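Asks: Below you will find the structure I want to go over with you.
The values are calculated or read from the model by the stated rules, or taken from the named source; none is laboratory data. The structure displayed is predicted, hence computed values, not measured ones. Here the Cβ positions follow ideal geometry from the backbone for every residue, glycine too, while neighbour counts run over all protein chains shown. Keep in mind that these areas ignore ligands, DNA and RNA; they rest on the heavy atoms of the full protein, side chains included. Shrake-Rupley method; radii C 1.70, N 1.55, O 1.52, S 1.80 Å.
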Amino acid sequence: MDEKNSAPIIETKDLTIRFGGHVAVDHVSIQVEPFTLKSIIGPNGAGKTTFFNLLTGQYKPTGGKVFFKGQDITDLGPALRTRLGMGRSFQLTNIFPVLSVLENVRVAVQSRQGFGLNFWRNYLHFSKSEDEAFTILKDLLIDDKWADPASSLTHGEQRKLELAILMALEPKVLFLDEPTAGMSQEEVPAILEILEKIKSQRDRTILLVEHKMDMIMALSDSIAVLQDGRLIADGDPDAIHRSKEVQEAYLGGGAKLE
């Protein structure tokens, strides 16, 4: 796509946030190219989730700027950033437990279409929304659970449902904060398959925070590495894998990054 050679879809310049005397994110400048998957990694306490919170508007920076498609969005809150096309998942699942799996996604489709939770209109009027919701569930490998209450799903299935809800909003950029958090080893390959499928379509951009390094190396077009809130490396997976500074930051220099 020609757009892949255009300006970054997300860019930060000297992005900084302080909590009292602690600098959680320290003058971080990165660029995220359209239709790529960029991972943010680093040791525990490196500032990854805080950085995500700055990008998506949950936190306001102490200094620096955030740009979306060249527009300065530093002062915009989460709702306005969502309207621009920035979709965020969290480490904890965010679903409607009493609704069915299909209803969870249908509500998200309706919200995008401007209907939202319309209790005065029969749901049959939303058959197109329901069809779209089912297609999304099928794409995310959870269509066999469409009639089940969301509360009955396993943790891994709930993570898939949360991603389905996010996809229903049609964001231009997906911000995924540890999508495999709390999953069993058996559940992780399904999420990996879903992310590979989304990435292969090359019609949206993905920013990913994740601790599973094999997953990071397999999926990422580029990787930014934070340590103590600072950006210490930013490059393709091979460059990050070879970086001595990253090895020392991540593993104390005692082993290779795998």
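Asks: Can you name every residue in region 146-199 that is among the acidic types (Asp, Glu), in contact with a strand residue (DSSP E or B) (Cβ under 8 Å, 6 or more places away or on another chain) and on the phi < 0 side of the Ramachandran plot?
Replies: Matches in region 146-199: ASP148, GLU162, ASP177.
Asks: Output the helices (runs of 4 or more DSSP H) that fall wholly within region 76-149 and possess 3 or more residues being aliphatic (A, V, I, L, M), touching a helix residue (DSSP H, G or I) at 6+ places or on another chain (Cβ under 9 Å) and at pLDDT 90 or above, or say none. Show your work before the answer.
Replies: On the way: elements: 78-84, 101-113, 127-139.
Per the criteria, 101-113, 127-139.
Asks: How many residues, within region 9-21, are open to solvent by 50 Å² or more (accessible area, probe 1.4 Å) and either among the hydrophobic types (A, V, I, L, M, F, W, C) or at pLDDT 95 or above (or both)?
Replies: Kept after step one, since they are open to solvent by 50 Å² or more (accessible area, probe 1.4 Å), are these residues of region 9-21: 13-14, 18-21.
In the following step, the residues that additionally are either among the hydrophobic types (A, V, I, L, M, F, W, C) or at pLDDT 95 or above (or both) were identified as 13-14, 18-19.
Looking only at that region, the number is 4.
Asks: Would you point out the residue of region 214-231, among those that are part of a strand (DSSP E or B) and open to solvent by less than 20 Å² (accessible area, probe 1.4 Å), that is nearest to ARG18 (Cα to Cα)?
Replies: If we filter region 214-231 for residues that are part of a strand (DSSP E or B), which is where we start, we get 222-227, 230-231.
Imposing the further condition that a residue be open to solvent by less than 20 Å² (accessible area, probe 1.4 Å) reduces the set to 223-226.
Values: ILE223: 24, ALA224: 20, VAL225: 19, LEU226: 16 Å.
Top of the filtered list is LEU226.
Asks: Still on this structure, I have one more. Counting only residues that are of a type in the set (Gly, Ala, Ser) and open to solvent by less than 10 Å² (accessible area, probe 1.4 Å), how many does region 153-210 have?
Replies: Initially, region 153-210 is screened for residues of a type in the set (Gly, Ala, Ser), giving 156, 164, 168, 181-182, 184, 190, 200.
When the remaining residues are screened for being open to solvent by less than 10 Å² (accessible area, probe 1.4 Å), the result is 156, 164, 168.
Qualifying residue count, region 153-210: 3.
Asks: Return only the number of the condition from (1) surrounded by fewer than 21 Cβ atoms within 10 Å (Cβ to Cβ); (2) at pLDDT below 90 that ALA249 does not satisfy.
Replies: It fails just one condition, (1).
Asks: Hey, can you tell me all the residues within region 17-67 that are among the basic types (Lys, Arg), within 17 Å of ASP228 (Cα to Cα) and in contact (Cβ under 8 Å) with a residue 60 or more places away in the chain? Break it down stepwise before answering.
Replies: The first filter runs over region 17-67 and keeps only residues among the basic types (Lys, Arg), leaving 18, 38, 48, 60, 65.
Pick out the ones that are also within 17 Å of ASP228 (Cα to Cα) and you get 18, 48.
LYS48 - this is the single residue of region 17-67 that is among the basic types (Lys, Arg), within 17 Å of ASP228 (Cα to Cα) and in contact (Cβ under 8 Å) with a residue 60 or more places away in the chain.
Asks: Then there is this: I'd like to verify a number: residues in region 142-156 that are more than 24 Å from the chain's Cα centre (by Cα) and farther than 12 Å from PRO97 by Cα, how many?
Replies: The total comes to 2.
For every residue, the table says whether it meets (1) out of contact with any strand residue (DSSP E or B) (no Cβ under 8 Å at 6 or more places or on another chain); (2) at pLDDT 95 or above; (3) among the β-branched types (Val, Ile, Thr).
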{"position": "GLN201", "(1), (2), (3)": "yes, no, no"}
{"position": "MET213", "(1), (2), (3)": "no, no, no"}
{"position": "ILE232", "(1), (2), (3)": "no, yes, yes"}
{"position": "GLY253", "(1), (2), (3)": "yes, no, no"}
{"position": "LEU257", "(1), (2), (3)": "yes, no, no"}
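Asks: Also: If you check MET167 against the conditions, is it touching a His at 6+ places or on another chain (Cβ under 8 Å), in a helix (DSSP H, G or I) and aliphatic (A, V, I, L, M)? Talk me through it step by step, then tell me what you get.
Replies: On the way: touching a His at 6+ places or on another chain (Cβ under 8 Å): no; in a helix (DSSP H, G or I): yes; aliphatic (A, V, I, L, M): yes.
Here the answer is no, as MET167 does not meet what is asked.
Asks: Something else: Is there any pair with a first residue in region 145-167 that is among the aliphatic types (A, V, I, L, M) and a second that is open to solvent by 50 Å² or more (accessible area, probe 1.4 Å) whose Cβ atoms are under 6 Å apart and which are 6 or more apart or on different chains, and what are they?
Replies: From residues that are among the aliphatic types (A, V, I, L, M), the pairs are ALA150/PRO97.
Asks: Separate question: Restricting region 170-193 to residues that are assigned to a helix (DSSP H, G or I) and more than 13 Å from the chain's Cα centre (by Cα), which is nearest to PHE67 (Cα to Cα)?
Replies: Keep residues of region 170-193 that are assigned to a helix (DSSP H, G or I), which gives 188-193.
Retained after the next criterion (residues that are more than 13 Å from the chain's Cα centre (by Cα)): 188-190, 192-193.
Working: VAL188: 32, PRO189: 33, ALA190: 33, LEU192: 29, GLU193: 30 Å.
Among residues in region 170-193 that are assigned to a helix (DSSP H, G or I) and more than 13 Å from the chain's Cα centre (by Cα), the one nearest to PHE67 (Cα to Cα) is LEU192.
Asks: Looking for something closer than 17 Å to VAL105 by Cβ, at pLDDT 90 or above and among the β-branched types (Val, Ile, Thr) - is there at least one such residue anywhere in region 162-185?
Replies: Yes: one or more hits.
Asks: Something else about it: For the condition surrounded by fewer than 17 Cβ atoms within 10 Å (Cβ to Cβ) and hydrophobic (A, V, I, L, M, F, W, C), what is the one hit in VAL66, VAL98? I'd like the intermediate steps shown before the answer.
Replies: Details: VAL66 fails: surrounded by fewer than 17 Cβ atoms within 10 Å (Cβ to Cβ).
Being surrounded by fewer than 17 Cβ atoms within 10 Å (Cβ to Cβ) and hydrophobic (A, V, I, L, M, F, W, C) holds for just one of VAL66, VAL98, which is VAL98.
Asks: Every residue in region 44-59 that is open to solvent by 70 Å² or more (accessible area, probe 1.4 Å) and under 24 Å from LEU169 (Cα atoms), please.
Replies: GLN58, TYR59
Asks: Report the residue count in region 22-43 for those that are part of a strand (DSSP E or B) and either surrounded by 19 or more Cβ atoms within 10 Å (Cβ to Cβ) or in contact with a helix residue (DSSP H, G or I) (Cβ under 8 Å, 6 or more places away or on another chain) (or both). Reasoning before the result, please.
Replies: Filtering region 22-43 down to residues part of a strand (DSSP E or B) leaves 22-32, 37-41.
In the following step, the residues that additionally are either surrounded by 19 or more Cβ atoms within 10 Å (Cβ to Cβ) or in contact with a helix residue (DSSP H, G or I) (Cβ under 8 Å, 6 or more places away or on another chain) (or both) were identified as 24-26, 28, 30, 32, 37-41.
The qualifying residues number 11.
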